[in-house]
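Below is one structure, written out as structure tokens, with a few remarks after it.
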Amino acid sequence: WSDVITLTVSERHPVLTVSPSWLSPGASVTLNCEVEHPSAGWSFYWYKLIKQEINRLYKYELLPGSISGTAQDSYIIHGQTHTAGYVCRAGRGDPEYHTDPSQPKFVWSADVNSAASLTVSPNSVQHFIYDSVSLNCSGNSSQWRVMIFTQDGYLRELRECGNRGIMTESTCNIDLHWFLRYQDAVSWCESESGLFSNGINITVPSTDVILVSPVHPVNEGDSVALGCKLRRGNFNSTVAFYKNGKLIQNDDREKLNIPAVSKSDEGFYKCDYSGHESPESWMSVKGSRSSLSVSLITGLVSGISLILLLSLLLCCWHKKSKGDFFIYFFFFISCLTLPWLPWYGQLLCLFVILTHLILLLLSSP
């Protein structure tokens, strides 16, 4: 008989994908874990990255419902509102052996919050290759680290500011010449207590023209100026600005001014000068707190008014002539469907009908 040997079957680490990469309000995040040789019998484990101070790496925390693994190779996260990192691994067999963890994948939130936020100076998504930028962390912490994620095809790097720039207290100063290899990056702050800030895009194209556009989402009602910038020299002819590929301004102005931003202004913008185009950058627009409050109050008042109005119309149907009912019903529908009538006009219209109905019913024998 020969000696007994132990055969170890090793599976390469799985590939994790996340969708979407950038969070939007109310959206769910879907994680997918792909093994090299998919077959029945795999269990999948899902983890959230938690920052630790001992070796400045991450530790893994199992997500709810995946302690014993899941049979599905996907996992949905509801209510994710802030920047976060995730990892998966897979296992099978009895006793179960596990793959190595996947490479971390991140989802980023563009919204700035008071607990942890990141700003960039100059405030622009696009920068020239030999520019310098300052990334500043602020919030409920006295110690921060700035993380920078870059990707070029299959090549990915996740580094701290100290590897690519100079970290001074809560500010990271970076010379962008090392972006020659990548052109695009996402950066965010992490506090010593594990808070993650919003993420920001940094684009360093190899073009002679860039678009100067805000890094953070713009509030509805704010004024915004998008600019066209040359690597060298001055503008001496017309500058064109495009939104979603459509020409919206073509004259000698170097800026596109939007005095009061609305949701319809959201989109991809670029500029062109003498045949040299900048890359496109996305400008995001979010509703202001005041407009959200007005919408909420308007909806509540409208809902109560509709219930009262319908109740009074039913009373009118029983107590008065059918002709009165149809007249008031016609005006009721008109209030709600006239396209040129603003929300406050609709409320006023409903109030007038409601008042007339009450007086009519009170005067009835």
Check on residue 181, within 26 Å of residue 50 (Cα to Cα), modelled with pLDDT under 80, open to solvent by 50 Å² or more (accessible area, probe 1.4 Å) and in contact with a strand residue (DSSP E or B) (Cβ under 8 Å, 6 or more places away or on another chain): no
Test: residue in the stretch 132-152 that is buried (at least 18 other Cβ atoms within 10 Å of the Cβ) and over 27 Å from residue 48 (Cα atoms): yes
Single match in 144, 178 (criterion: of a type in the set (Phe, Trp, Tyr) and either free of Cβ contacts under 8 Å to residues at least 40 places away in the same chain or in contact with a Lys or Arg (Cβ under 6 Å, 6 or more places away or on another chain) (or both)): 178
Any hit, the stretch 260-273, residues being of a type in the set (A, V, I, L, M) and either without any contact (Cβ under 8 Å) to a residue 24 or more places away in the chain or part of a strand (DSSP E or B) (or both): no
Of the criteria (1) farther than 30 Å from residue 80 by Cα; (2) open to solvent by less than 30 Å² (accessible area, probe 1.4 Å), which one residue 218 fails: (1)
Candidate set: the stretch 77-108, residues that are small (Gly, Ala, Ser) and open to solvent by less than 10 Å² (accessible area, probe 1.4 Å); chosen: the one farthest from residue 158 (Cα to Cα): 91
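Which residue is modelled with the lowest pLDDT, if the candidates are limited to the stretch 1-23 and must be open to solvent by less than 60 Å² (accessible area, probe 1.4 Å) and under 30 Å from residue 110 (Cβ atoms)? Working first, answer last.
Let us first name the residues in the stretch 1-23 that are open to solvent by less than 60 Å² (accessible area, probe 1.4 Å), namely 11, 14, 16, 18, 20-21, 23.
Now narrow it down to the ones that are under 30 Å from residue 110 (Cβ atoms): 14, 16, 18, 20-21, 23.
Values: 14: 90, 16: 93, 18: 92, 20: 89, 21: 88, 23: 85.
Within the stretch 1-23, the match that is modelled with the lowest pLDDT is 23.
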Residue, farthest from residue 15 (Cα to Cα), within the stretch 74-110, restricted to residues that are under 13 Å from the mean Cα position of the chain (by Cα) and at pLDDT 85 or above: 109
Subset of the stretch 274-286 (residues that are assigned to a loop (DSSP other than H, G, I, E, B) and under 13 Å from the mean Cα position of the chain (by Cα)): 284
The one condition in (1) surrounded by fewer than 19 Cβ atoms within 10 Å (Cβ to Cβ); (2) modelled with pLDDT under 90; (3) part of a strand (DSSP E or B); (4) of a type outside the set (Ser, Thr, Tyr) that residue 190 fails to fulfil: (1)
Number of the exception - residue 33 against (1) in contact (Cβ under 8 Å) with a residue 60 or more places away in the chain; (2) within 30 Å of residue 215 (Cβ to Cβ); (3) crowded, with 18+ Cβ neighbours inside 10 Å: (2)
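The values are calculated or read from the model by the stated rules, or taken from the named source; none is laboratory data. On a predicted model such as this, the values are computed, not experimentally measured, just so you know. All Cβ positions, glycine included, derive from the backbone under ideal geometry; neighbour counts span all protein chains shown. These area figures cover heavy atoms from the full protein model, side chains too; ligands, DNA and RNA do not enter into them. Shrake-Rupley method; radii C 1.70, N 1.55, O 1.52, S 1.80 Å.
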